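Worksheet: the structure to be examined is printed underneath.
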Amino acid sequence: GTVSVDGSVCEPIECGAIPAQPNAMMVGGPQGGMTFGYTATYVCDAGFTLGGIQGGEVLYNIECGSDGYLSGMIGTVPGGPPTGQGVCQLAGYSVDGVVFDAQDPSSKVSDAKVTVLRNGTEIATDYTDSRGRYSVNIPEGTIIIRAEKAGFITREKGPITVTGPMASGGGTSIAMSKILPENDWRIVLTWGKNPDDLDSHVYFGCKEDQHVYYPEENRKGTSERAGGLEVDLDTDDTESYGPETVSIRGAGRCTNPGCCLIKFKVKHYSGSGSLGTSEAVVSVFKGASRVGEYKVPPCIGDAIWWTVLTIDAMNGTNALYEGDKLQPAYLDDSKDAYAKWDLSFDSARWSTAPKTSDNAAVINSLNVQSLTRLHHIAGADYYQLRDGVAAAPSCQEVSFEGLLAQEQWAACPVGTYINGFYRTG
């Protein structure tokens, strides 16, 4: 029965309705509001456990206390009502990682948002702590990990296959690149556990006369003839995974043909395994964007070298190409070249600009001492035709007989040029 004092009636303390429990279903307890002394039992939905622990518990209770508040496994505001935060999380394995600056791995990136995606759908999110660490629970399967923060270029890593707990220090850690000036480049090399050491090599400058790579004395290079191009090997790694990071400044200012190409190559330096099984990935950043990603082809096998990409830093181009881009043929006017014909034009024979098996020569101008005698043609300035010559240049004789005397143009066939003259008579 009830006890009435001065008309008052003692009734059970009410805790109110239980907030919605995400990813769970009530299997026992009162319907509607909760009053003191009652308990509600919930079970996590299939694929969810308490705290998201793989193989963990799936049942939990919520009770109505004498203070009028719900208690048990339910999120609450200290001294206040429940928040409605669920305790059933997607069951999976702990995946831990570290986010750091690609230019300096000792500099960790804090407050970076780390999102885990599966088939394009977000399944977990965390923010890095002051030491760049994050931790998420992920079910078995394949994932992509995305890291983003203001001032850095958003970076995605994967696919990564989760089959159990994954500790930081390996494939789950992410190197982020700071946003660059519009025409600058950054190249980041990462790979798997084996081999221990892959090395980054950069060739650039006139005839690739600059080579940036480890050891220390070769980690920086500059080419003034390439428009003041600067290349730095920021980071060298020798203990698996990487990163190795190269920064390129001053690209897009080169005006000298033969000096503007930048070649990036990867070398298998040491350690077991092969370049073809290394899981090497080269990510390329320009300005505020990632503009390229290249994965080592398995067919490269046991090769020592992999030529990954070429950047054409020519003024007005500054573009990225996959693989080894060849330098188009060009006229080298970097130095004066002169062919002396003082004696050769005195008789019936050829007077030519010298050519080699690799380079041809193109006449630019004639040195004529007078216009009354052929033997007064004393010589010619010429340019060397560099690169783009796959085989020894071939020669074709073309007769100008009568054309010059009639004051008509005497032209070479399309695609050919003047290398010399043959005097008759």
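A few remarks follow.
- Nonpolar atom fraction for the chain, defined as the carbon and sulfur part of the 1.4 Å probe accessible area, stands at 50 percent.
- Proximal lysines to LYS355, defined as alpha-carbon separation beneath 21 angstrom and excluding residues fewer than eight positions away on the same chain: LYS207, LYS335, LYS340
- Figure note: LYS207, LYS265 ranked by solvent-accessible area, largest first, 1.4 Å probe, ligands and nucleic acids not counted: LYS207, LYS265.
- Sorted largest first by accessible area at a 1.4 angstrom probe radius, with every protein chain in place, the residues TYR383, TYR203 fall in the order TYR383, TYR203.
- Surface accessible to a 1.4 Å probe, per residue, for the residues of the stretch 154-204, Å²: 37 Å²
- Taking the chain as a Gaussian network of alpha-carbon nodes connected by springs under 10 Å, the highest mean-square fluctuation of the residues ALA112, ALA303, ALA251 belongs to ALA303.
- Secondary structure note: in the stretch 83-192, about 85% of the DSSP beta bridges are antiparallel.
- In the context of the full set of protein chains, the stretch 221-269 has a per residue accessible area of 35 Å² (1.4 Å probe).
- By the beta carbon rule, with partners counted only under 4.7 Å, the chain holds these lone Cys residues: CYS10, CYS299, CYS395, CYS412.
- Ordering VAL27, VAL362, VAL282 by accessible surface, largest first, gives VAL27, VAL362, VAL282; the 1.4 Å probe counts only protein heavy atoms, with every chain in place.
- Amide H within-cut-off set for GLY242, under 5 Å, with H built and near neighbours excluded: TRP191
- Whole-Å distance, taken between Cα centres, linking the stretch 92-119 and the stretch 128-147: 6 Å
- Protein heavy-atom accessible surface, 1.4 Å probe, per residue over the stretch 291-350: 61 Å².
- Each other residue within a Cβ distance under 14 Å of LEU70 adds +1 if Lys or Arg and -1 if Asp or Glu, for a net charge of -3.
- Highest-MSF residue in the chain out of GLY250, GLY65, GLY158 [GNM, Cα springs under 10 Å]: GLY65
- ILE300 sits among other residues whose Cβ lies under 15 Å from its own Cβ, and their net charge, with Lys and Arg +1 and Asp and Glu -1, is -1.
- Spin-label model, ARG219 to THR39: label points 7 Å out along the Cα-to-beta-carbon direction sit 6.3 nm apart.
- Taking only Cα atoms of the stretch 217-269, radius of gyration then Dmax in Å: 13.0, 40
- Share antiparallel - DSSP beta bridges, the chain, percent rounded to 5: 95 percent
- Potential extension, LEU326-ILE304 segment - 0.36 nm per residue separation minus Cα distance: 5.8 nm
- Interchain or long-range residues, amide H under 5 Å from ILE418's placed H: ILE363
- Computed with every protein chain present, the accessible area of SER394 is close to 110 Å² [probe 1.4 Å].
- Accessible area of GLU57 (1.4 Å probe, protein heavy atoms only, ligands and nucleic acids ignored): about 130 Å².
- Stokes-Einstein, applied to the Kirkwood radius of the chain over Cα pairs at a viscosity of 1.002 mPa s and 20 °C, places its translational diffusion at 77 µm² s⁻¹.
- Gaussian network model of the chain, Cα within-10 Å springs - most flexible of GLY141, GLY276, GLY292: GLY141
- Net +/- balance of residues flanking GLY171 in space, Cβ distance below 12 Å, scoring K and R +1, D and E -1: 0
The values are calculated or read from the model by the stated rules, or taken from the named source; none is laboratory data. Only a predicted model underlies this, so the values are computations on that prediction, with no experimental measurement involved. Note that each Cβ is placed from the backbone with ideal geometry, even for glycine, and that neighbours are counted across all protein chains shown. Please note that ligands, DNA and RNA were not included when accessible areas were found on the heavy atoms of the full protein model with its side chains. Shrake-Rupley method; radii C 1.70, N 1.55, O 1.52, S 1.80 Å.
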